[in-house]
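Below: one structure, written as structure tokens.
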Amino acid sequence: FSVRKGKTQLHKWAERQVILCGTCLIVASVKDSLTGKMHILPLVGGKVEEVKRRQHCLMFNSAGPQAQTYYVNFDTLAEYQRWHRQASKVVSQTISLVDLSCYSLEEVPEYLFYSQDVTHLNLRHNFISKERQTCSYPRDRSKHGLTFVQLKSLNLSHNRLGVFPESVCEIPTLSELTLSCNGLGSIPPRIGNLQSLQTLCLDGNHLSALPEELGGLSQLCSLGLSFNNFPNIPAVLERLCAVDKLAMAGNRVDTLELSSLLRMKHIKSIDLRLNGLHCIKGETLEPIKHLTQLDLRDNRLTSLDLSAACNLETLQCQRNQLGSLTLSGFTLRSLHANNNREQAIQPAVIEVLDVSHNLLLELPARLLSGLSLRKLLAGSNALQRLPDLLDHIPLEALDLQHNKLGELPESFFYKALNLKYLNVSANALETIPPSSQSEESLSTLQELYLTGNNLNENCATLLVGHQNLRVLHMAYNQLLSFPASKLSKLELLEELNLSGNKLKTIPSTVSSCKRLHTLIAHSNHISVFPEVLNLPEIKLVDVSCNELTEILLPDSLPATLQELDLTGNSSLMLEHKTLNLFNHITTLKLDQKPSLSAGDSQGTSTLWDHGYAEMSGQRNKLCVSVLAVDRFGDSMEAAYAIFDGDRNEEVPRLLQCTMGDVLAEEIQHSSVDSVYMCNTFLTSHRKLGMAGQKLGASGLLCYIHHESSEPGSYFSLTVANVGTCQAVLCRDGQPLALSKVFSLEQSADEMERVKTAKAIITEDNKVSGVTCCSRLLGCSYLSPWVLPKPWVRTEPLCAQDEFLILGNRALFQRLSYQEAVKTVLAVRDPRAAAKKLCTLAQSYGCRDNVGAVVVALHIGEDSCTCEPPLTTLTTEIRGTPVLTSVPISVPPVDPATPSSSSGIASEFNSETSASEVGSEAGSTASDEHPSSGPNARPERRCSLHPAATISLFQRQPSSATFSSNQSDNGLDSDDEAPLEGVISNGSKLEVEVDIHCCAFQLRSGPPDSPKEEISDLKKSPSTSSLFGKKLSNGSVVAPEDSHNIIEVALEAPKKKSGYFAAPAQQDPEDQLVVPPSLEQDVREQLRGQSPVVPGPPPLSTPPTNRDRNWDHPQPGLPPATFQQEVYDTAL
């Protein structure tokens, strides 16, 4: 363009190249723009004006005392208007902060060098390497004046620099520099040029020394050296007087000399966690007065003497091997020493004390009666008694769970008037002390946990004085009743848990607790539904595993009611009017009416059965999902899984839907357990798609199958897991851990791997502050620190194996393996046992989501593992089927019943009416039919009955006929015999479904008939779970809500399906009677007209029993009939 410099007429117009780059106007000094220097005019704060004396001309004026002016004349009106519009935006704004993180950049964009007003530049998580270092492009920038003259903050963390970018040392204004996770091996001496530097972060590199020039940075106040290779504390820190915190976590410091700290009097806080420290030498006579905070977590210390640190205020030494601890104690305010081997503690003036998970036999009287102690955590020790309180104490929180306390001091409550939280669960208490000496009580207690003691109903009368109670847990005691007059006085009660007692009723005075929002009273003998449905804030009611016979409901239910659990009440009869009132409840859990068919009468599901429970705790959503299939593939296999998303519910739901299908595919391609399990996890990880980029979940998958390679063992259990979900097998009454915990706190190998990869582990022991797990499904952006590769183990099952427990992190964080096994042994019923495990975890202080699965195993020495022959599918069994007796007593239920949170039960969302029930889920596994090859799986046969033929497992689309249990709860009228597949209102729902979660349920080999295929699909637990809407507990995935997410993850086209209502019984005239002479023609026509129904196998397929019956009708049998029960909804 034609350009003139200056406002006077002395300068002439000349043709020059003009560029508007960033916030600057760049004008070439000569006509050939490739030679000569470039004139840069900063426009921020300046002005752009129209020149009226000249057509299509703009005046560009910079800001500041030395402002410059350029006139640019444009050729066309369009160019003039475009430049005027863009330049006006630049001059009217100030671009001081530029965030280019996670942009996959390989070099710094050129336009940044012309934006001289940038003060903060973020380039983290890119691919900038040492060949294309920052601030070195273009190379002749100094000649052109291209420098960041105002840059104050530069973030280059998580790139591929390899070496320190020395060009950064030429930015004198820099005050904050972050170079974490770049593989740096050394720091150049030129770092001393950055005299304005205040913050320098060098975490996650390979540094082992620092240059002496670093000590000249007088303004440096924050220096990050964590997760490097320093063998000791660098001596240059003695000169950095402004640095007050020594951050050296995750290095190789194995010995700490306290005398060296005397030369660093400016250091007040030291972080030396994860260093492998095994010795701290305190040979100094001079006290260390400047040290106030010390973090020594996750080291190898066996003894600790910090008597020289006389002003120490906070000490964290968790997860060491401390047997002795010596402190000054004059100024100590917070001591965290849990998970050690201490047998005694010394009294000190302290406010917060955590000594849980030690070997303490008693608490000093001076400690408990101290006037400064506010919080004491002493759970999981061996305390037998508490010392008597001498005077009133300011204690506010006390945790004494899992001890051996037989009683509490008589004066405990009226001398601890500030106590707000008390947990004495899992002790041997038979009574509790009174709240006061008089009728008037000054108690401020708000949360009281008494679960797992020997308390009776007399103790309930002593709770009256605690009128500020909000949470009361008295589960699994010896309560026969709860005094009605006493319950009415707890008006502020919000959460009440009375599960596992011997209650026959909940007092009607519970209606006086107007703030009650949670009532949990499962596993009792309650026969009358409690009067809580008229409370204005009620949200959750759990009265499962009781003896309810009816429910008396008010005219309308509160809109706040979100979950109602009525499972395990075998005598409960619900009317249509009652079910209609439950329409608005988000999660309604009811028992499915048992409906045994011919296939079930063979005892195919008596080898194992399961129950599970999921509780959201104090979280607003449930991020735990369970996959439970008693009949996986063929009838002699099972699959159980649990997924914990921590704080996200999307990934657990996706895994719940996809992993079953993926496993069914992988076991066809390989018979090696480690291969198909690893492939299952890796494929499921890939199928998460975009949802798995930043979100992840722990996962555990258990696969029970017949191991044909080991003739001495009928069944094997293959377990694979990532994250913190765990599996425990009870063998001969003892726990056998089957999984590996991939947590940084519990796995030294994984901690070392993550440290070697130079990940940043924050103070809460999380990788990059995101997750405490080193292996997850999802969280792809944390690779290579967090991986999806699972731990795989195969354990042969024997007659001594009684049950299997699956649980998430929150469960086994509160319950040990031994206690979990002991709990299930005492209950025996899988449904009630899973409930108890979750209830105990909540009473022990768990506030997160908790989930548990209990699988009862009934595998004996003479257990036959043969696959039922095909002829049994077409044989009509007359009479009442008889269930095989099993060691664990479980109510007879249909294996097809979808599991609920309390066991084998139906769970659906009552927001949907019966006419809206459908399936819209897409298949996630391949539709290929592997029919041959070395990996084809043979028919299951035991050693008593050798296999004679081979049948192949195949996936195939199907049409499902099922009974709608939403309109009448699956209950038949008293005066009419039930018809299989027909509900009491005389209608039948038939659904054409592209199987999603249940493709692995289909029988192997060609189908015998559409009706038989429907019967098999009807038995599938996961098939029934498809026909529902959104569930709050995540157990049944919503087709409407989750289909789009699943579709993105699987890149599968959306496929809709529907249903038709059909008569309960077809009219005989609608049946098609085929003469024997026309059978072959009819078969070909039906095959062409009904492609959605799998027809008979081709002629090349070996004939089955059904084919022989078709071609050669047996004498005495009626002619073959065709009854079309599948409707092509696509038409």
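The values are calculated or read from the model by the stated rules, or taken from the named source; none is laboratory data. Owing to the predicted nature of the structure, the values given are computational and were not obtained by experimental measurement. Heads up, the Cβs are rebuilt from the backbone with ideal geometry, glycines too, and the neighbour counts pull from every protein chain shown. Ligands, DNA and RNA are excluded from the accessible area calculation, which covers all protein heavy atoms including side chains. Shrake-Rupley method; radii C 1.70, N 1.55, O 1.52, S 1.80 Å.
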Q: Enter the accessible area per residue of segment 376-508 (Å², integer; probe 1.4 Å; all protein chains in place).
A: 39
Q. Past the 25 Å Cα-Cα mark, which pairs from Lys687/Lys755; Lys130/Lys789; Lys589/Lys621; Lys245/Lys420; Lys375/Lys822?
A. Lys687/Lys755; Lys130/Lys789; Lys245/Lys420; Lys375/Lys822
Q: Run the numbers on segment 669-745 and let me know its relative contact order in percent, using alpha-carbon pairs under 8 Å that are six or more apart.
A: 21
Q. Under unit Cβ charges (Lys, Arg +1; Asp, Glu -1), what dipole magnitude, rounded to 20 debye, does segment 616-685 have relative to its Cα centre?
A. 380
Q) Roughly to the nearest percent, how much of the accessible area of segment 408-502 is carbon and sulfur, given a 1.4 Å probe? A) 45
Q. Working out 0.36 nm times the residue gap between Arg82 and Ser96, then minus their Cα-Cα distance, what length gain in nm do you get to one decimal?
A. 2.6 nm
**Q.** P(r) histogram, all alpha-carbon pairs of segment 36-86 included - 10 Å bins from 0, percent
**A.** 24, 50, 24, 1
Q: Could you tell me which of His290, Phe330, Leu304 has its Cα farthest along the dipole of segment 260-336 towards the positive end, charges placed at Cβ (Lys, Arg +1; Asp, Glu -1), taken about the Cα centre?
A: His290
(Q) Accessible area of segment 801-858 with a 1.4 Å probe: how many percent of it is carbon plus sulfur? (A) 47
Q: Within segment 366-420, list the GluC sites (Glu not before Pro) lying in a DSSP loop whose Cβ has at most 13 other Cβ atoms in a 10 Å radius.
A: Glu410
Q: With 10 Å bins from zero, work out the P(r) of segment 441-598 over every alpha carbon pair and list the percent per bin.
A: 11, 40, 33, 13, 3, 1, 0
Q. If we sort 489-497, 187-195, 827-835 on the protection proxy, mean other Cβ atoms within 10 Å, highest first, what's the order?
A. 827-835, 489-497, 187-195
(Q) Need the full-extension length gain, Met690 to Arg828, defined as separation in residues times 0.36 nm minus the C-alpha distance. One decimal, nm. (A) 45.5 nm
Q: Using only Cα atoms, locate the centre of segment 240-271 and the centre of segment 571-588, then give the distance between them in Å, rounded to an integer.
A: 65
Q | Residues in segment 390-424 reached by a label modelled at Gln437 [backbone nitrogen below 17 Å; 7 Å Cα→Cβ] | A | 390-393, 409-418
Q.
So for each of 784-793, 301-310 I average, over its residues, the number of other beta carbons within 10 Å; can you give me the resulting order with the highest mean first?
A. 784-793, 301-310
Q | Environment charge of Gly692, counting only residues whose C-beta is closer than 10 Å and scoring Lys/Arg +1, Asp/Glu -1 | A | +2
**Q.** Label-to-label distance, nm, for residues given as Arg647 and Glu362 (7 Å Cα→Cβ offset)
**A.** 4.5
Q: Once you have the Cα-Cα distance between Ala382 and Ser307, take 0.36 nm times their residue separation minus that, and quote the gain in nm to one decimal.
A: 24.3 nm
Q. Based on the mean of other beta carbon atoms within 10 Å per residue, what is the order of 422-431, 11-20, most packed first?
A. 422-431, 11-20
Q: Report the Stokes-Einstein translational diffusion coefficient (µm² s⁻¹, integer) for segment 283-435, Rh taken as the Kirkwood radius over Cα pairs, at 20 °C with viscosity 1.002 mPa s.
A: 134
**Q.** Spin-label pair Leu285/Thr461, simplified geometry with 7 Å Cα→Cβ offset, distance in nm
**A.** 6.8
